[in-house]
Each structure stands twice: as structure tokens, then as C-alpha cells.
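Quick notes on the structure that follows.
The values are calculated or read from the model by the stated rules, or taken from the named source; none is laboratory data. Every value quoted in this text rests on a predicted model; they were computed, and no experiment measured them. Here the Cβ positions follow ideal geometry from the backbone for every residue, glycine too, while neighbour counts run over all protein chains shown.
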Amino acid sequence: MLENDKLFTSIIINFMKKRKVWFLTILFTPILMISLITGSSHSLKAASSLGKDTLTMITSPDYPPYEFYNTEKGDRQIVGFDVDIAKTVAQELGFQLKIVESDFNGLIPALQTNRADFAMAGMTPTPERKKNIDFSIIYYQAKDTIVAPKNSNLKQPQDLALKKVGVQLGTIQEENAKKIAQKVTGIQLKQLNKVAEIIQEIKSGRIDAAIVEDAVAKGFVQANPELAFNVIPSEKASGSAIAFPKGSSFVEPFNKVLQQMKDKGELEKLATKWFSQTTSTTTVSSSPSKGGLNLDFSRIIPDIPFILKGIPLTLLFTLLSVFLGLIWGTVLSLCKITGIKPLVWLANAYTSVFRGTPLLLQLALVYYATPQLTGYNISALEAGVLTFTLNSGAYMSETIRGGIQAVDKGQAEAAMSMGVPYSLMMWDIILPQALKNILPALVNETIGLLKDSALVSTIGVVEILRSAQIVGANKYIYFEPLLFAGLIYYLLVMGMTKSASVLENRLKQSE
Ligand code: ARG
């Protein structure tokens, strides 16, 4: 972390001191950083691989034992029943397998935009889904259950009258809950992104029960002895199948291999391996929670390296966005002060749009719409950097404009009267001083971006927050990893503030 701060400091100092070097720095730093990023985000890029030797699978690894992160070794492996099947199929068909992730409700959009060749996430074929994607044959049957506190006696659908019921967004459990709600009065649904969040909501009493698939419910209940689950009897079994983009040529070959695996009993074997053991690879907490906040950080100690691995990504993301945002903001602010009407108008309109809409919305738009609009399969990390650059450029343009206008007018006049051309005057005299003026504002912007970087977890970048959530989902706990992530963010911000004040002092001395 200190290394990165030093890098940042020296970049800024270079900016200030060797103005002539600006040009080269501006040109090469992004190139360098992007190559760094693409190196580190290898696993994040979901390229459709038709005609290649690698198949990309997308999944929602919040679903032990189907798919979840094995955080124990800190090596960010997604494992589980589905993953084993995918590996076998890929191998049989002579492909390498690459796994990328998203929230469950992002899987179908990802297939539709060809971000992946197939999705496996314990997904059930429904008529509605079949309109948008194709499915393989069913490879496993599951049943829905009601999960609730042991003493609550919520066991049957009719018990749920007037209760708050949690479901995972976009799943058939959500649909089933809606169906139940048509018959049983007063059910209030709460849709959440991840199963672990739903379990946490039950434990904290904000919802009364949840509808969760049996194998998954079993794991969570074993880890949280105060909960119980009951199979919904009227419910017919719902199968899991592999999902493909509509019209995919992979459906047939996949089906063949799946059928083979069924016939040879290999599916059975995998099912026993994953569904009969005590939940996942994780050891379940022995101490039942007695209600209240009984924190036990020892439970996440083995996973700390996993969470820490999110730091470089968060920092890289933040610094890159600040840097590119600064350049883009400078361009915009120059447009604003040119006095050339169309330029001023455009820059102002741009700023108002990007400041007037939520960052999260911009992020989702860039991530999901770019492949459709441009045909370029933008990775989650690239989408994040692009959105944050566009957004922070809008904010920074205003700051920089203020900084430029605060530079003493006499300087510009003096330069012009000496015949210094406008561009040279801006580049060599005005901008460096403006940058110095706005340094504190820039630091604020950087801190803001650092914290907002947590938003990219929503599109599947495994940065600090996402890593913490993964650990939480894995260990079936929620507070400890989040508190730990909070501590990391706080320390990073403190470090940044500290190095900024060092930088400011140094600049003052150099005056
Ligand atoms: N079987 C359910 C469905 O198809 C839930 C699957 C959820 N999967 C997950 N990885 N979270 O809707």
C-alpha cells in the first residue's frame, strides 16, 4: 500500500515539477496501468470463446454446495457440484474451462450478451427463461424448503400468512414465493441478491422466514443451529440444468456428455461427494449464536489472506480512475473556459448528466450495454474504470475550472503580453498552479473513489468488499468479514490522507 502511495506521490510531483514530462507521463501511465490491470484481471474477463480452445462458464458462487468460493487457501477458487460437472464436460469436449462470476440475476443478461458460453448455477429451466436462453437436460433435482428460526413453527406455506419472507432475486424461489402469496394472505416478500444475506436477515429478525433450495438450506442450517428447514410438500421437484445463449451450438454436445455421466453413474458420485458431506469445505461454527452480536473473528482468520488480496485491485482501480478522471476532467474544464459556445454547452451538458444520475446506474449501463452497443466484450474491471473515469471527470472538471479561475489573472496577461502562445501558457503556467490549488479537492475525490470502488463488486469484480462477502457466504457469517473489510478501507483512506498531507507540505516547501 505504501508503495502505491509513493507511486501516486511521485506521479503528482512529476506533474508539478517537470511540466515538460507531463506529456509522456500522461501518455504512458495509462498504458502501463492498463497492461497491469489486464494482467491481474485475467480471470475477470469473460470472452465468448466460440472457435477457441476455452469455454467460459458464468456462475453465481453464493450457493454452496453447488458453487462457492473455497477461501481457505486464499487462492480464489470457485468449487462445487456444478464446477465439477462443468470440468468433466469441458474435458470430454476437449476444452479448457474458465469460470467467471456474477450475481444470480446477472447470469441471463450475461448469456444474452454472449459474455459466457454457458451458465451453471443450480439453474432451473422455466418457460419464462426458455424464451431468452437455451437449457441442457436436467442434471439434478431439488426441492424448495422454508427456512426459519427453530422455535418459530413456520413449516408450511400456510404458516407464512402475514410474515416477511426472503428470497433470492431472480430465482424460481422468488416465483414460488409469489405463487404462495397468491394463496396465503399477507405475505411480504423481500428480495435479496445473495442467499447468505437472506440467512442473515432471518437471524437478525428482519424477516421471518425464507424460501431456499433443500441442499443449500441444509448447509446454512447446519452452520446456524438456531435455524431449521422444512421441505415444502406441495412443491414438485425443480431440476437444475445448464444454460446457454439462445441458439448455442453447445447444447447438443453438452447433453451427450451429461447423458453419458448419468448412465455411468458419475453424476450420482458427484452428488454424493457434494451433497452428503457436512456442507462445504468450511468447518461449521460450533458455538450456536445466542442472539445479540456475538462476534468471533477467529472464524475468519484462515480467510484473511483472501480478503487482503482484494486490496491491490481496489487500489489499482482507484488510482487509475483518479488519474484518467483527472485528464478527462482537465479536458472538460478547458472546454468550459474556452468561451466557444458549442464546446461550453457540450461540457456543461455532460457534467450535468453525469452528476445528475446515480453512479451505480451508470456502472450497470456501461457494463451491460457496451457489448450490445459496440460488440466489445468489456470486462467488469474495464467497465468499472471507464464508468468511474467518466463520472469523476464530470466532478473534477468543475474543481479544475475553479482552480484555473483562481490563478491570478495578471499571470495570463503577463504571459500574453510577452507573446507566449495560449496553449503554452495554459500548459506551462496556468494548469500547474491550478493543480496545486486543487490538490486538497483531488485528495477528497480520490478518497471518495476509493470508497465508491466497492460498487464494482456488484458487477463481479472481486475487490475488498466482494472478497469479504464471499468469505461471509462461505462461512455462513456476515458481520466479521464486513467489519474487517471496513477496517481495511479505513486504513487505506487514512494512509491516503497522510501521504496527501506529506505531498502538500513538500509542494509548499518547493515554493
Ligand atoms: N434453482 C433456483 C433457480 O433456478 C435458484 C438457483 C440459485 N443459484 C445460485 N447460484 N444462487 O432459480
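Here are a few things to note about the model shown:
- Flag if Ala434 is under 30 Å from Leu192 (Cα atoms), modelled with pLDDT of 85 or more and among the small types (Gly, Ala, Ser): no
- Tallying residues that are touching a residue at least 40 places away in the same chain (Cβ under 8 Å), within 16 Å of the ligand (Cβ to nearest atom) and assigned to a helix (DSSP H, G or I) within the range 131-179 yields 4.
- In summary, helices (runs of 4 or more DSSP H) completely within the range 1-113 and bearing 1 or more residues that are modelled with pLDDT of 90 or more and exposed (fewer than 14 other Cβ atoms within 10 Å of the Cβ) occur at 81-92.
- Flag if Phe244 is within 16 Å of the ligand (Cβ to nearest atom) and more than 27 Å from Val147 (Cα to Cα): yes
- Members of the range 180-197 that are within 13 Å of the ligand (Cβ to nearest atom) and either at pLDDT 95 or above or part of a strand (DSSP E or B) (or both): Gln191, Leu192
- Identification of helices (runs of 4 or more DSSP H) wholly contained in the range 403-511 with 3 or more residues that are over 29 Å from Phe317 (Cα atoms) and either out of contact with any helix residue (DSSP H, G or I) (no Cβ under 6 Å at 6 or more places or on another chain) or in contact (Cβ under 8 Å) with a residue 24 or more places away in the chain (or both) yields 409-417, 422-425.
- Qualifying residue in the range 178-187 (condition: among the hydrophobic types (A, V, I, L, M, F, W, C) and within 25 Å of the chain's Cα centre (by Cα)): no
- Flag for Gly410 being at pLDDT below 85, surrounded by fewer than 21 Cβ atoms within 10 Å (Cβ to Cβ) and out of contact with any Gly (no Cβ under 9 Å at 6 or more places or on another chain): no
- Residue ID - surrounded by the fewest Cβ atoms within 10 Å (Cβ to Cβ), chosen from residues in the range 144-176 that are within 29 Å of Gln112 (Cβ to Cβ) and over 27 Å from the mean Cα position of the chain (by Cα): Asn176
- Answer from Ser453, Ser392 - the residue that is under 18 Å from the mean Cα position of the chain (by Cα), buried (at least 20 other Cβ atoms within 10 Å of the Cβ) and not assigned by TED's automatic domain parsing to the domain that holds Glu226: Ser453
- Boolean, Ala116 is within 17 Å of Val216 (Cα to Cα) and either outside any strand (DSSP E or B) or β-branched (Val, Ile, Thr) (or both): no
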